[in-house]
Amino acid sequence: MSVGHGAFCKKLYENDEYVTYAYSSFNYNNKKYLNDERICDGKIIISKKVFSDSWGVPNDSFAELYDKGDIVIENCSNTWLKCSIGYDVMAVHLWCKLLRQIQKLQCFPDKCNYEV
């Protein structure tokens with residue numbers, strides 16, 4: 001049974017240095033954040049150098065990658081839960097799911113969903 005919230009993304013752009021995903025989140029427990037239209041106006045930008053050695057787990061934590069600018073999050077308009085430094089918690093969950101898919105596929109997937 002689902003708790004009723006999650007996030008989703010689709011790849012917008014990929015070049016030799018970065019991959020950009022459009023993302024959004026939803027919360028079925030709060031009418032303000034249903035996002036039935038699936039508006040995807042946030043961004044997750046990943047530097048490919050995070051995976052320069054292999055498609056395995058990055059050597060740095062999410063916070064370190066974020067601080068260095070190797071991962072950039074531009075919160076979506078549907079952000080309903082932020083961490084203490086202001087980025088969307090659902091985007092971080094989505095990053096974790098993306099990371100597992102990247103490791104499994106050894107490429108950047110076209111889309112990804114995270115649901116609880």
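All of (1) farther than 22 Å from residue 3 by Cα; (2) modelled with pLDDT of 90 or more hold for residue 54 with one exception: (2). Scanning the stretch 86-101 for residues that are in a helix (DSSP H, G or I), touching a Cys at 6+ places or on another chain (Cβ under 9 Å) and either of a type in the set (Val, Ile, Thr) or surrounded by 18 or more Cβ atoms within 10 Å (Cβ to Cβ) (or both) yields 89, 90, 91, 92, 94, 97, 98.
Name the single residue, out of those in the stretch 7-41 being aromatic (Phe, Trp, Tyr) and part of a strand (DSSP E or B), that is surrounded by the most Cβ atoms within 10 Å (Cβ to Cβ). Checking each candidate, the answer is 23.
Just for the stretch 1-41: of the residues that are without any contact (Cβ under 8 Å) to a residue 40 or more places away in the chain and of a type in the set (Phe, Trp, Tyr), which one is farthest from residue 61 (Cα to Cα)? Restricting to residues being without any contact (Cβ under 8 Å) to a residue 40 or more places away in the chain and of a type in the set (Phe, Trp, Tyr), the top hit is 28. Number of residues in the stretch 42-67 that are in a strand (DSSP E or B), among the small types (Gly, Ala, Ser) and in contact (Cβ under 8 Å) with a residue 40 or more places away in the chain: the value is 1.
The values are calculated or read from the model by the stated rules, or taken from the named source; none is laboratory data. Predicted model only: the values in this text are computed from it and were never measured. Note that we place each Cβ from the backbone using ideal geometry, even for glycine, and neighbour counts take in every protein chain shown.
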